[in-house]
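Read-outs throughout are calculated quantities, based only on the coordinates presented, and are distinct from any laboratory measurement. Being a predicted model, the structure only gives us computed values, none of them experimental. So basically every Cβ, Gly included, is an ideal-geometry build from the backbone, and we count neighbours across all protein chains shown.
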Amino acid sequence: MASLAEIRAKLLEQESAKGGNRSSQGGGDNAIYPFWNIAENSTATLRFLPDGDESNTFFWKERQMIRIPFSGVKGGDEHRGVTVNVPCVEMWNEACPIHAEIRPWFKDPALESEGRKYWKKRSYIFQGFVVDNPLAEDQTPENPIRRFIINPSIYKIISAALMDPDFPEIPTDFEAGTDFKLTKTQKGQYADYSTSNWARRERSLNEAERNAITTNGLFTLNDFMPKKPNEAELKAIFEMFEASVDGQLYDPDRFGEFYRPAGMQYDGSKTQSAPAATSTTPTPQPAPQPAPVAEAAPQPAPQPAPVAEPAPAAEPVTAPSGDAKPSAEEILAMIRNRKS
């Protein structure tokens, strides 16, 4: 288990790296605790636990996913929108072809809203106990160690406190750790978690919690991370992006072996079953097909604009003449012109 000093050093290192970038350029189980379903003005008390992978400095893993929307499925329901979740390779510190394409769009007001649509969404995987649960769950897993998909606004509260020199001990410590009070309020039409915070007092894990760790072990959080795309998958991701921008339907014959919407079955033939509903959670795929992320991040509120990672200096995008928003054909033409 990493010490609090090691976590602080790693967080500072990441922040420095982000600053440099700005200047230069599972599953089907119910282990996930759906905190976003708790009632307004209620609080869930969570106790985070360390990663089962002791080489992980943090007690969380960061995911970066891109949502590629389609208006329907070719050969299926062509009038029901679907979304395909794909991993952004910037998670592995590699150049993402979609972000290389859309970063210059933020320099042009006519293209900015289109760029936001494809901007990566961050989420953070944690694990731990639900100490105080205000949510009436129909079923809870036999293993009381739950997984939490934390959005960026809550993550900022968690990580900011860790940098506070008055924070006495790493919060995952079994003896002197600290519970986290996750509070849901309302801000306009969206859920707001800004009043969440760490408990005022440290708390030692009780006997039942310790027994659960001994009996079940800790999750290795990396098991719930998306698979890194290979060259063929990365090519398919960009082609899906182009097809989406062009307003085309999702084509199972073209993309089904790589990534597909939730609920869609693919057996390598032309017989496909359309997804039951629009979803951002990809279905785990059988080997040897690449498995999309098993657990998509809940979206209690829209993700903020990518102000933390502004578009790097790049050749300007030439907007279509007039004040009208460019059409999909015009945007796609810009993409292809830049590639040629």
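Side notes on the structure shown:
- Violating pairs (Cα-Cα greater than 27 angstrom) within the set 181/227; 156/235; 107/187; 74/107; 121/235; 120/187: 181/227; 156/235; 107/187; 74/107
- Electrostatic tally near residue 184: other residues with Cβ closer than 15 Å to its Cβ, Lys and Arg +1, Asp and Glu -1, net -1.
- Close amide H contacts of residue 263 (hydrogens built in the peptide plane, cut-off under 5 Å, sequence separation of 5 or more or a different chain): 283.
- Paramagnetic reach from residue 174 (point 7 Å along Cα→Cβ, amide N under 15 Å) across the stretch 210-230: 210-219
- Length released on extending from residue 228 to residue 156, taking residue separation times 0.36 nm less the Cα-Cα span: 23.4 nm
- Residue 112 paired with residue 187, simple spin-label distance in nm, labels 7 Å along Cα-to-beta-carbon: 2.0 nm
- Label-point gap, in nm, between residue 136 and residue 80 - each point 7 angstrom along Cα→Cβ: 3.0 nm
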